[in-house]
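The values are calculated or read from the model by the stated rules, or taken from the named source; none is laboratory data. Since we're looking at a predicted model, the values are computed, not measured. Positions of Cβ are backbone-derived with ideal geometry, glycine not excepted, and every protein chain shown enters the neighbour counts. What goes into the accessible areas is simple: the full protein's heavy atoms, side chains included, and nothing from ligands, DNA or RNA. Shrake-Rupley method; radii C 1.70, N 1.55, O 1.52, S 1.80 Å.
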Amino acid sequence: MNSPGIPACPICRMENTYSDGGMYICPDCAHEWPEQSSTIEEGAAPVRDVHGNVLNNGDTVVVIKDLKVKGSSIPLKQGTVIRNIRLVEGDAEHIEGSSEKIKGLVLKVCFLKKA
């Protein structure tokens, strides 16, 4: 258990974190983050694409493989561009967006890369 005032790791949620020279360090997953950022959105993991790039609201992403879309007879083809994405609050694995042919998509980030 970590010392009072030291937050759990925002990536793996383990409580073995410690402070070292202005940084918090998690020995379980080797994640390091500045002490100041812990007060800003504590526990909020960044949304990352398949290559590890951080995604933000309004970004453009590209589908990396053909995907079947529930409720639609039209598949989402590899290379399809999804513009102006929206992050799903509290969920680092999904984004919302629309393609030219299909509106109201919820996609897993493991099938997307930042454009």
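For Val50, the stated conditions do not hold, so it cannot be described as surrounded by 15 or more Cβ atoms within 10 Å (Cβ to Cβ) and part of a strand (DSSP E or B). Only one entry of Val106, Val69 meets the criterion of being modelled with pLDDT of 90 or more, more than 26 Å from Pro4 (Cβ to Cβ), open to solvent by 60 Å² or more (accessible area, probe 1.4 Å) and of a type in the set (Val, Ile, Thr), and that entry is Val106. Taken over region 72-87, the criterion of being under 19 Å from His51 (Cα atoms), open to solvent by less than 80 Å² (accessible area, probe 1.4 Å) and not hydroxyl-bearing (Ser, Thr, Tyr) is satisfied by Gly79, Val81, Ile82, Ile85, Leu87.
Quick check: anything in region 41-50 at pLDDT below 85 and among the hydrophobic types (A, V, I, L, M, F, W, C)? Yes: one or more hits. The set of residues in region 83-101 that are under 8 Å from the mean Cα position of the chain (by Cα) and modelled with pLDDT under 90 comprises Asp91, Ala92.
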